[in-house]
Each structure stands twice: as structure tokens, then as C-alpha cells.
Amino acid sequence: MRFVDEYRDADKARALAAEIAALCEPGRQYKFMEVCGGHTHTIYKHGIEDYLPENVSLVHGPGCPVCVIPMGRVDDAIHIARQPGVLMTSFGDMMRVPGGNGNFFDSNAEDTNIRMVYSPLDSLKLARQDPDRHVVFMAIGFETTAPSTAMTLLRAEQEGLENFSVFGNHVTIIPAIKAILDSPDLRLDGFLGPGHVSTVIGCRPYEFIAEDYGKPVVVSGFEPLDIMQSIYLLLKQLAEGRCEVENQYKRVVPWQGNTTALEAIARTMELRPYFEWRGLGFISHSALRLRDAYARFDAERRFELPGVRVADPKACQCGEVLKGVLKPWECKVFGTACTPETPIGTCMVSPEGACAAYYNFGRFSRARVKEASRT
Amino acid sequence: MCLAIPGEVLAILPDRPDLAKVEVSGVRRNINIGLLEEPPEPGQWILIHVGFALSTIDEEEARAVLEFLEGLGQTYTDEIDALQDSRIE
Ligand code: SF4
């Protein structure tokens with residue numbers, strides 16, 4: 001066993017694999033969704049699926065914030081960046097996300113100045129340094145990242161900065177999970193809850209999944225053993241006829257979340273009535289926008305946006321991959337027209353995207369051979 | 001950007017209680033600690049995401065996370081490269 005030998009606690013991993021196998025009812029198929037792209041990354045990197053019984057499969061969820069940005073938003077960002085005197089900033093992962101007319105690098109080759117930053121606070125520093133330029137930070141990410149944007153806004157307000165604004169694209173995880181639960185395409189038996197998002201929101205927001213949908217949730221850490229243990233806990237709940245939210249990642253995730261972070265978000269942002277997710281379409285109350293009190297820091301209000309909805313390229317099946325209906329290699333352009341160097345869809349861009357993770361680590365995995373032989 | 005990386009707190013900046021000098025894989029940068037319920041002590045480990053401390057962790061957890069992240073290869077190197085360019089103040 002490659003993973004087991006590679007891992008620092010090989011005995012524990014071996015024991016877990018055996019316990020997982022013992023918990024599975026023969027003949028029953030188990031499908032668990034890992035919501036977070038970070039988990040997807042670990043799963044492919046360590047070939048975790050290879051060490052699970054044949055009847056347990058992992059389905060990749062929509063928890064990669066770069067992957068869910070629709071093409072139209074990339075175009076809107078480029079439109080802002082084209083305005084005179086604007087310097088646009090965003091995380092490095094955004095640079096290669098395709099829009100309707102190319103990505104940020106393509107647009108920089110023409111006439112824009114879109115710069116990568118490590119932190120929204122780095123954008124603030126750029127604004128301070130250059131008062132003649134208007135710095136726009138393109139904010140993306142789930143609840144893990146939203147507090148950073150919120151704190152940056154509070155700081156900008158405190159400093160009275162006039163030349164800084166945020167192009168907000170923060171999304172929230174719960175409505176996306178709900179959309180997946182309501183979608184008829186997929187039958188799931190439980191969820192691995194996202195680790196870092198939960199440091200902020202805590203574990204309580206997942207309770208509806210157990211209560212209303214009857215599916216267990218285990219909030220999980222990112223190491224291979226964490227994921228194995230979380231799968232074990234999910235199977236144990238099913239075997240014992242329980243259905244609840246458990247926290248496997250207690251060493252980092254407090255049950256009640258981070259109140260300071262939640263307050264910072266609530267002070268500066270509010271839910272949008274709806275937001276388009278790439279591949280998943282419009283989901284109501286699934287994203288954040290700046291509150292009226294922060295209108296002067298809101299790039300969406302400062303600049304008129306084209307706001308044109310751009311359909312994904314025909315060949316692209318990111319929607320199915322993000323919903324867990326297709327495995328990455330089942331997309332027709334996977335690894336041929338669509339690679340990390342020339343991505344057609346977003347799931348190939350970020351290392352947390354299912355297609356990129358599978359392309360980088362999983363191509364020769366036994367899981368694929370197993371899957372292919374089944375179809 | 002989705003990674004949370006462990007860093008060791010070296011000192012809280014004297015004039016800025018919301019910022020700490022932190023060492024991450026040999027790189028020393030300012031990190032915002034305003035999201036932590038309690039300010040960390042020098043020598044404590046924190047989990048950092050896009051320039052903000054998300055939570056404090058113990059040293060054993062920090063080492064385990066580091067070992068895991070180093071195993072990720074390029075993804076982690078890219079994150080440290082990005083951090084290297086950071087100048088939070
Ligand atoms: S291979 Fe490319 S186009 Fe197909 S689902 Fe993955 S990212 Fe989207």
C-alpha cells in the first residue's frame with residue numbers, strides 16, 4: 001500500500017482501512033461528498049480512494065472558490081481593470097481563470113494592470129503607496145476568506161482611504177450544499193465537512209443536513225489520516241443508524257466557529273438575493289455583497305459593470321464535475337484540450353480544483369482503472 | 001490561496017496590536033492577528049490564511065501540518081512564494 005507506507009503513522013492508517021472495510025455492509029454502495037477542494041487535493045495526492053473498499057466512493061463537491069467563479073465575473077473584473085487609473089489585484093489562483101475573452105494574463109498583455117497579491121492587506125498597502133491610483137481588490141473565497149476581506153474593509157474605513165475598493169465575489173457554502181442535496185442527479189450517503197470554512201462558521205450550520213435530509217456530516221481535517229478517520233466516522237454513524245454532525249477536526253475547529261470573524265463579515269457584508277455559480281447556475285442567498293454603509297468601497301457601485309452572463313464553452317463539463325455527477329476524467333476534453341496549462345474550465349485552474357488535482361496526481365491511480373472498468 | 005499554513009509568532013508589533021511578526025518556513029512577514037479571540041504569545045503557533053491568523057494551534061499540530069504541506073510540493077512552494085512578496089503593514 002503506497003499511501004500507508006508513505007504516511008508517518010502507517011500502523012494507524014492500516015488499522016483504519018481495516019475498520020472501514022469491516023463497517024461496510026456487503027452489497028451496499030456508499031457515496032460520500034467531500035465538499036472542500038483542499039480535501040479533493042489530499043484524496044488524489046495520496047490516492048486515498050485506492051485504499052477504500054470497492055463499494056465506498058468519494059464524490060468531489062463545489063468547494064473550490066476559484067472553480068465556481070462564472071465567466072461573466074471574470075469579464076466584469078477585466079472591465080473594471082480597464083478603467084483609467086485602476087490597478088486591479090487578486091489572488092494568484094485567479095490569474096488563469098478563463099473569462100469570455102481570455103483571462104487576466106491575456107488582458108494584462110493588452111492594456112490592463114492586474115496584479116497578484118498574497119493578502120487583501122497587500123492591496124491596501126498598494127493603495128496607500130499610490131494615492132493617484134484606484135486599487136480594486138477582486139475578493140473571492142468562501143467563509144474562510146471572507147473575514148480577511150471584511151477586516152481589510154474595516155481597516156480601509158479606519159484609515160479613511162479614498163482610493164481603495166473591493167470587487168466582491170465571496171460565496172457561502174451552505175446554499176451550495178443545499179442545492180446539491182436538492183438536485184435529483186445525485187444520491188449521497190453523507191458529507192465530509194470543510195475544515196477551514198468551519199473554523200469560521202463552526203459546525204452548527206450543517207445540522208440541517210442531518211436533521212432535514214437525514215445525511216451524516218463529519219467536519220474533517222486535511223491530512224490523509226484525517227480523511228480516513230472521517231470516512232470511518234461516517235460509516236460508523238450509518239452502521240449504528242445515527243445521523244448527526246461530528247467534528248473530527250476538533251484540534252482546529254471550534255464547534256461555535258469564530259465569533260470575531262463572523263462579526264466582521266456581518267458588519268461589512270450582507271447576503272445577495274442570488275449569485276451565479278459556474279456550472280451550478282443561480283443559487284439564492286449564496287453570496288455576499290458589501291453593505292450600503294460600505295458603498296464607497298464597493299467596486300460594483302463605483303464602476304458600471306457590463307454584468308453579461310457568458311455561457312460556459314460547449315465542451316466544458318465543469319458543472320457536472322462541481323456537482324459530483326461526473327469524475328474529472330469523464331469530461332470529454334480532460335487532459336486533451338483542457339490541461340492546467342491551457343484550462344478550458346475552472347476546475348483545471350486551481351490546485352484545489354478536482355480536474356487539476358486529478359491531472360497532477362491521479363492519472364495513473366488504480367481508482368481510475370477501477371472506475372473505467374465499471375462503466 | 002486555499003491553504004492555511006502554520007507560522008510561529010515571533011513578536012507582536014509594538015505600535016500595532018493587530019499585527020505580529022511571524023516566521024513561516026523561514027520567511028518572516030507581518031500577519032494580521034485581529035481575528036483571534038485572544039492575542040497570541042511569542043513562541044505560539046498560528047494557522048495563517050491570506051495574511052490573517054485563523055486560529056492558534058499547538059506545536060505538534062503545526063509540525064504535522066507543515067510535514068503535510070511540504071509533501072504537497074508545488075502548491076505549497078507557490079504559497080510561500082506569494083507570502084514572500086507580501087508586505088502587510
Ligand atoms: S476537464 Fe476542463 S472543461 Fe472538463 S470539467 Fe474539468 S476543468 Fe471543466
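Values in this text are rule-based calculations from the coordinates and carry no lab data. Keep in mind the model is a prediction, meaning the values are calculated, not measured. Note: ideal-geometry Cβ built from the backbone for every residue, glycine included; neighbour counts use all protein chains shown.
So the values come out like this:
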| item | result |
| --- | --- |
| Degrees, to the nearest 10: A:146-159 long Cα axis against longest axis of chain A | 20 |
| Under 15 Å, Cβ to Cβ, from A:ASP76 - net charge with Lys/Arg +1 and Asp/Glu -1 | +3 |
| Most mobile listed residue (A:PHE334, A:PHE361, A:PHE275) in chain A, GNM with C-alpha springs under 10 Å | A:PHE361 |
| Length-normalised contact order for chain A - Cα pairs under 8 Å, 6+ apart - percent | 22 |
| Using alpha carbons only: equivalent-ellipsoid semi-axes of region A:48-311, gyration tensor based, whole Å | 36, 20, 16 |
| Net charge of Cβ neighbours under 14 Å - reference A:ALA293; Lys, Arg +1; Asp, Glu -1 | +1 |
| Region A:190-211 and region A:335-361: distance between their alpha carbon centers, rounded to Å | 27 |
| Positive-end residue, the protein assembly as shown charge dipole about Cα centroid, Cβ charges, pick of A:MET151, B:PRO6, A:LEU23 | A:LEU23 |
| Max mean-square fluctuation residue, GNM over chain A, Cα-Cα springs under 10 Å, options A:VAL308, A:VAL197, A:VAL245 | A:VAL308 |
| Size of electric dipole in chain B: Cβ of Lys, Arg +1 and of Asp, Glu -1, about Cα centre, debye, nearest 20 | 300 |
| Positive minus negative residues near A:ASP130 (Lys, Arg vs Asp, Glu; Cβ under 15 Å) | 0 |
| Fluctuation leader among A:PRO273, A:PRO120, A:PRO224 - chain A, Gaussian network, Cα springs under 10 angstrom | A:PRO273 |
| With Cα atoms, 0 to 90° folded angle of helix B:59-71 axis to chain B main axis | 40 |
| Cα gyration tensor, region A:250-329 - rounded (a/c under 1.5), prolate or oblate | oblate |
| The protein assembly as shown - charge dipole about Cα centre, Lys and Arg +1 at Cβ, Asp and Glu -1, debye rounded to 20 | 1020 |
| Between region A:261-281 and region B:1-38, the Cα center-to-center distance that results, in Å | 27 |
| DSSP loop GluC sites (Glu not before Pro) with at most 15 other Cβ within 10 Å: longest gap in chain A | A:55-161 |
